[in-house]
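First comes the structure, then the notes that go with it.
Computed from the coordinates by the stated procedures, all read-outs in this text should not be read as laboratory data. This is a predicted model, so every value here is computed, not measured. Glycine gets a Cβ as well: all are built from the backbone with ideal geometry, and neighbour counts include every protein chain shown.
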Amino acid sequence: MSVLVLCDHDRGALAEASLEALTFGRRLANDLGVACSGVLIGEGADNASTSLASYGADSIYLVEHSLLTDYGPSAWGESLVQLVNKVGPTAVLACGTDRGNEVIAHLAASIDAPFVANCLTADTTNPSTWLMTRVQWGGSLLEDSELSTEQVKIFTVVHHGIEAEQSESSNSGQQESFTPELDESVGQTIVADRVVLTQGITLSTSPVVVGGGRGVGSAEAFAPLEELAEELNGVVGCSRAVTNNGWRPHSDQVGQTGTRIAPQIYIANGISGAIQHWVGAMAAKNILAINIDPEANMVAKAGYAVIGDLHQVVPAVLEEIRRRKS
Ligand SMILES: Cc1cc2nc3c(=O)[nH]c(=O)nc-3n(C[C@H](O)[C@H](O)[C@H](O)COP(=O)(O)OP(=O)(O)OC[C@H]3O[C@@H](n4cnc5c(N)ncnc54)[C@H](O)[C@@H]3O)c2cc1C
């Protein structure tokens, strides 16, 4: 018996989200008294495997096949189906990223088993009915659901729901190759080409995000926020009021219909903190709100706040940073 954790990687670069899933899987495996195994599919799996043992993988399945060149939901899904049939695990999980949910849904549909997406916790007291808390509507609703099956339990763990944490015990991370039997037809959905729009630190991975809302006032008025982000090696984010006004592109939007961020610090300038924005920002470790309204939701939620006009506060902060750097 074991817990299988599908670890997402992009051409050998392990996704951070996989370590969250592995942390969850390791704790689950401990509770169940079974082993925790990582699963890496396709070209580059070997490269991506290096840190899995330190996050709790007792063993690692490297799934290889000539058709598994780049990511493909059908090919990855079918490979996982065959591995599950071979191993007979107690549970299979992945991080609830687009890819994680896509591949795990394929597995569940193929073996006709129930699947719970975006879970935060799993209570396994009753072996045939696990009680799952899952996150809905971008984090504004927590839903209790039952995962009731005598079969393998299948679910994903909500992204940013738990922090990835290295294992205290030493796990061997012993590697084992697995070659599935794949039909040419699964190759129809394998990534053939890609255009990278953003490189380096992105909104979802940056340790510092400088956010601007309607209070910034115009596209041009984002310049000091850009400068502040640059000084702090961070990126600029914004609210939907800003994208609606055409001041910033949608790729900068934080929130339910934008990006979920989890920086060390989120500096929210002129943002009221509406629930749809908050669900995208709530995983920030620290929040500094700069707002003229002491009653604003973002101010209430922030650990630190400056009540004042951002057009005066941001230049003053910039000046002080530069003075200290020089
Ligand atoms: C289905 C749906 C999905 C949505 N998805 C998202 C989403 O993904 N992301 C998102 O952000 N929103 C989303 N929204 C919109 C959301 O409800 C809010 O309307 C939006 O977040 C408000 O943006 P804001 O805080 O910039 O503007 P406002 O609510 O207008 O707040 C502006 C803030 O700036 C402050 N301010 C004004 N001038 C200054 C100044 N000079 N200095 C300092 N502070 C100042 C004000 O006190 C106020 O707190 C969604 C809405 C719906 C219905």
Kindly express, to the nearest 10 degrees and within the range 0 to 90, the angle between helix 310-325's C-alpha long axis and the longest C-alpha principal axis of the chain. 80
Quick check for me: using +1 on Lys/Arg Cβ and -1 on Asp/Glu Cβ, what's the dipole size of segment 208-325 about its Cα centre, in debye to the nearest 20? 340
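Based on the mean of other Cβ atoms within 10 Å per residue, sort peptides 231-243, 40-52 so the most packed one is first. Don't jump to the answer; show the numbers that get you there.
Details: 231-243: 22.6, 40-52: 20.2.
Ranking, from highest mean packing down: 231-243, 40-52.
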Expected output is a single nm value to one decimal: the length gained when fully extending between GLN174 and THR50, i.e. 0.36 nm times separation in residues minus the C-alpha distance. What is it? 43.6 nm
Relative to the longest principal axis of the chain, what angle (0 to 90°, nearest 10) does the C-alpha long axis of helix 16-32 take? 50
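Contour minus end-to-end for HIS250 and THR125, with contour as 0.36 nm per residue of separation and end-to-end as the Cα-Cα distance?
On the way: separation 125, 0.36 × 125 = 45.00 nm, distance 4.34 nm.
Going from the current span to full extension adds 40.7 nm.
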Which one, ILE162, VAL5, TYR71, is farthest towards the positive end of the dipole of segment 2-189 when Lys and Arg carry +1 and Asp and Glu -1 on their Cβ? ILE162
Towards the positive end of the charge dipole of the chain, with charges on Cβ (+1 Lys, Arg; -1 Asp, Glu), say which of VAL306, THR124, HIS106 has the farthest Cα. VAL306
Applying the Karplus parametrisation 6.51 cos²θ - 1.76 cosθ + 1.60 with θ = phi - 60° to the phi angles of segment 248-264, what ³J(HN,Hα) value in whole Hz is obtained for each residue in order, glycine and proline being reported as x? 9, x, 4, 4, 8, 6, 9, x, 4, 9, x, 9, 8, 10, 8, x, 5
Sites ALA105 and ALA316 - FRET efficiency at Förster radius 41 Å, r taken between beta-carbons, to 0.05: 0.25
Which distance in nm do the two modelled labels at ALA164 and LYS325 give, with both placed 7 Å along the Cα-to-Cβ direction? 2.8
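State the percent of C-alpha pairs, over all pairs in segment 66-149, separated by a distance greater than 20 angstrom. Don't skip to the end; give the middle numbers.
On the way: 1343 of 3486 pairs.
Cα-Cα pairs in segment 66-149 separated by more than 20 Å: 39 percent.
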If every alpha-carbon in the chain counts as one equal scatterer, what log10 I(q)/I(0) does Debye give at q = 0.06, 0.08, 0.14, 0.16 1/Å? -0.25, -0.43, -1.06, -1.22
So for TRP278, TRP76, TRP137, fewest C-beta neighbours within 10 Å to most, what's the order? TRP137, TRP278, TRP76
Quote to one decimal, in nm, the extra length available between ASP98 and LYS86 on full extension: 0.36 nm per residue of separation minus the C-alpha distance between them. 1.7 nm
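Only counting other Cβ atoms within 10 Å, I'd like CYS95, CYS7 sorted with the fewest neighbours first.
Details: CYS95 32, CYS7 29.
With the fewest neighbours first, CYS95, CYS7 line up as CYS7, CYS95.
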THR202 paired with ASP112, simple spin-label distance in nm, labels 7 Å along Cα-to-beta-carbon: 3.7
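Have a look at the DSSP beta bridges in the chain and tell me what percent are antiparallel, nearest 5. Let's see the in-between values first.
Numbers: 14 of 61 bridges.
In the chain, DSSP labels about 25 percent of beta bridges as antiparallel.
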Proximal lysines relative to LYS86, as straight alpha-carbon distance under 20 Å, when same-chain residues fewer than 8 apart are discounted: LYS153
